[in-house]
Amino acid sequence: MAKQKRGHSLWNLPTRGRGTCPICGATRIKLLYPRTPTGSRKTIQVCKRCSVAPQSKIDAVV
Ligand SMILES: [Zn+2]
């Protein structure tokens, strides 16, 4: 399978996979990692750094 977080496959995504991370506020960063806040049924897309952030960080923002 092709890499889904690198290269031209990203260009098919809305905003080409980039945006402002809701957790750390980094702009124009790739938002490719889904995290689910505790008690929520929907996921949010976060950047690579925040993909490994503790759950409390995710919950604090949402
Ligand atoms: Zn982030």
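The values are calculated or read from the model by the stated rules, or taken from the named source; none is laboratory data. Worth saying up front: this structure is predicted, and the values here are computed from it rather than measured. Ideal geometry is used to build each Cβ from the backbone, glycine not excepted, and the neighbour counts take in all protein chains shown.
Kindly indicate whether any position in region 35-46 is part of a helix (DSSP H, G or I) and within 14 Å of the ligand (Cβ to nearest atom).
No, every residue in region 35-46 fails to be part of a helix (DSSP H, G or I) and within 14 Å of the ligand (Cβ to nearest atom).
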Pairs only if they're at least six apart or on different chains, beta carbon under 9 angstrom, first in region 34-55 and touching a residue at least 24 places away in the same chain (Cβ under 8 Å) and farther than 19 Å from Gly17 by Cβ, second acidic (Asp, Glu) and more than 8 Å from the ligand (Cβ to nearest atom); list them, first residue then second. Pro37/Asp59
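Surrounded by 12 or more Cβ atoms within 10 Å (Cβ to Cβ), modelled with pLDDT under 95 and out of contact with any Gly (no Cβ under 7 Å at 6 or more places or on another chain) - does that describe any residue in region 19-37?
no
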Those residues of region 47-62 which are part of a loop (DSSP other than H, G, I, E, B) and surrounded by 13 or more Cβ atoms within 10 Å (Cβ to Cβ) amount to Cys47, Ala53, Val62
Only one of Lys5, Lys57 is away from the ligand (no atom under 14 Å from the Cβ) and on the phi < 0 side of the Ramachandran plot; which? Lys5
Looking across region 12-62 at residues that are more than 28 Å from Ala2 (Cβ to Cβ) and of a type in the set (Gly, Ala, Ser), the single one that is farthest from the chain's Cα centre (by Cα) is Gly39
